[in-house]
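Shown below is the structure under consideration.
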Amino acid sequence: MAKRNAGSFTYDGVDTGGERVASEVEQKLEELEHDGHVIKKISFIGYSHGGLVARFVVGLLYSRGVFDKIRPVNFTTFATPHLGVRTPLKGYHSHIWNILGARTLSMSGRQLFGIDKFRDTGRSVLAVLADPDSIFIKGLALFQQRSLYANVVNDRTVTYYTAGISQTDPFVKPENVKMNYESGYADVILDGSFPVSEKEPAAPQALSQRLLSTTQTIVTRVPIVGFLAVFIPIGTTLFLVNSAVQSFRSSQRIALHESGRAGINIQQYRIGNMINAVRREAEDMFENLNNTQESDYLAAGSEDMASPTQPTSPGLRRKDTESEVGSVEKRKGGNALEFPTLALTQEQFKMIEALDNVGFKKHPVYIHNHRHSHAAIIVRMDKKSFEEGRVVIRHWLDNFTL
């Protein structure tokens, strides 16, 4: 079983990391064979950015004939940005926010925002990974089971639409829908075939209750607004300076890797440790800012609208009209709810179609007890607030094919 975790966006790139991991996997298989072990099956599990690296590795191993000798069984990702990390926006907002964000996260940032050019293809690496004729899709299709786990709320790093490979997000306003959970998993794992349904209308609040609720919201937000007004200008400057340094270091590492001189410089290693805390703070700030951006939706008849025949997630249908964020409509003649289509790019719509055609079992995850579900979904720390992540892992193990 090959595993690769990557909890932040500081890799030198999907392709560079993928080539390195593929070599490690082949080397390990050779070592096991040399020691007398017979390897018959292989499975891949990727977390966050590591899920994209795993998809790249699968393509390389397929092209090298590894799967002719070893049967691929399980392929699973947890909170992986399959469609990248750009916020679905229209107009100048899209250009300003997404392009600025792409240029503050070194090579992996450009790839995750889909503005890179992968080798001589003239296309982004994410587009190549999802090309139906590519080695990456052909390798992925050989697995007996493909599944993914996607946080539905509070994932500041990888939002639902990209982790869940979806053109809609039914969880923008979770209070507007009824969650349908799988029994036996502590109201954490939603039913992938029918995750949400229409919520019973609540009794209208009295005027005094509405006023009290509005006042409480304003009062709680005043300190946050004041803090951001002071912190963002300073933090943004530090973030951009740090990003420039990291981009330069990333370019150096890639050059060393390509020349076969990727040794370890102790002094650089020590300096790297000293700036790790600063880098983490910068990444957290970017994630928080990205999380505050509200997604845009496509209007009916838009030239950017996805093909009407495109597959959609089970139990969910897109609504081909622009409507209020988080609005829900029940489809006539069925139980599936309709949601507005996110303002994704044509490239992203094609990714969804290709990956849906390969087939993924999609498991939406609702982490209630932690404000940053990206870390909690795999229990990155042994904390009580991360306990719901153990339910996710148990669900994965219960569905693991041996």
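The values are calculated or read from the model by the stated rules, or taken from the named source; none is laboratory data. Nothing here was measured: the structure is a model prediction, and the numbers come from that model. Cβ placement follows ideal geometry from the backbone for every residue including glycine, while neighbour counts extend to all protein chains displayed.
Just for helices (runs of 4 or more DSSP H) wholly inside the range 339-398: which have at least 3 residues that are closer than 23 Å to Val73 by Cβ and of a type outside the set (S, T, N, Q)?
346-358, 387-398
I'm checking my understanding of the structure. Among residues of the range 103-127 that are β-branched (Val, Ile, Thr) and part of a loop (DSSP other than H, G, I, E, B), which one is modelled with the highest pLDDT?
Looking at residues that are β-branched (Val, Ile, Thr) and part of a loop (DSSP other than H, G, I, E, B), I get Thr121.
Let me ask another. Taking into account only those residues within the range 147-186 that are in a strand (DSSP E or B) and of a type outside the set (Gly, Ala, Ser), which is nearest to Phe339 (Cα to Cα)?
Out of the qualifying residues, it is Val177.
Could you tell me whether the range 352-362 includes any residue that is surrounded by 14 or more Cβ atoms within 10 Å (Cβ to Cβ) and modelled with pLDDT under 55?
No: the range 352-362 contains no residue that is surrounded by 14 or more Cβ atoms within 10 Å (Cβ to Cβ) and modelled with pLDDT under 55.
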